[in-house]
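Worksheet for the structure shown next.
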Amino acid sequence: MTNEQYLIASYFVVGLLSFGLALAAYLWLRHSFTGVTRAVPETHFFHILRKLFSVGIILPALVGFFSVSFRSCSKETYHEIIADRAYLVAKNQEQLSTSLSHIVIALMVWGFIVLIALIIIKRHRMGESD
């Protein structure tokens, strides 16, 4: 396999892997997230968040993947980029790492939203019991 073929193949493989990891995180957490947001006293805001949950995890993963550039200070042209297999491997690892970092940040944001929802649920239940 030439470096050019490796670049093309690895780019798609890492892109699909990034998408797959984000999709797996979404599928694993969607029932829990939906359950928490349904327990919140009906607000239009949480209904919208339920619809945006999948996009809010998958899109950051793809943004992280696409944010990595193969160009650098030492490698400006396409021929310089494909000349070094180790450089291509390092960039693939950077793409995957950046994608995973973006997924983690997105999950932290969604975790904060769940915390707010749980606080609202608790206050609503305490208000009902009084």
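Figures for the structure shown
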quantity	calculated
Given (1) within 30 Å of Leu7 (Cβ to Cβ); (2) touching a residue at least 60 places away in the same chain (Cβ under 8 Å); (3) of a type outside the set (A, V, I, L, M); (4) out of contact with any Leu (no Cβ under 9 Å at 6 or more places or on another chain), number of the condition Phe46 does not satisfy	(1)
Considering residues of the range 101-117 that are surrounded by 13 or more Cβ atoms within 10 Å (Cβ to Cβ) and of a type outside the set (Val, Ile, Thr) only, the residue modelled with the lowest pLDDT	Ala117
Some residue of the range 22-30 being charged (D, E, K, R) and either surrounded by 14 or more Cβ atoms within 10 Å (Cβ to Cβ) or at positive phi (or both)	yes
Single match in Ser54, Ser18 (criterion: surrounded by 14 or more Cβ atoms within 10 Å (Cβ to Cβ), closer than 25 Å to Asn92 by Cβ and among the hydroxyl-bearing types (Ser, Thr, Tyr))	Ser18
Any hit, the range 33-42, residues being aromatic (Phe, Trp, Tyr) and more than 17 Å from the chain's Cα centre (by Cα)	no
Count of residues meeting criterion [under 24 Å from the mean Cα position of the chain (by Cα) and exposed (fewer than 14 other Cβ atoms within 10 Å of the Cβ)] in the range 64-100	8
Residue pairs meeting the criteria (Cβ under 6 Å; at least 6 apart or on separate chains; first within 16 Å of Phe12 (Cβ to Cβ), in the range 75-93; second crowded, with 17+ Cβ neighbours inside 10 Å and of a type in the set (A, V, I, L, M, F, W, C))	Ile82/Leu7; Leu88/Leu7; Lys91/Phe70; Asn92/Val14
Single unsatisfied condition, Lys75 versus (1) part of a helix (DSSP H, G or I); (2) farther than 23 Å from Val114 by Cβ; (3) of a type outside the set (A, V, I, L, M)	(1)
Selection from the range 1-42 of residues that are more than 21 Å from Phe70 (Cβ to Cβ), in contact (Cβ under 8 Å) with a residue 24 or more places away in the chain and either β-branched (Val, Ile, Thr) or not in a helix (DSSP H, G or I) (or both)	Val36, Thr37, Val40, Pro41
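The values are calculated or read from the model by the stated rules, or taken from the named source; none is laboratory data. Computed from a predicted model, the values in this text were never measured in an experiment. FYI the Cβ positions are ideal-geometry reconstructions off the backbone, even for glycines, and counts take in every protein chain you see.
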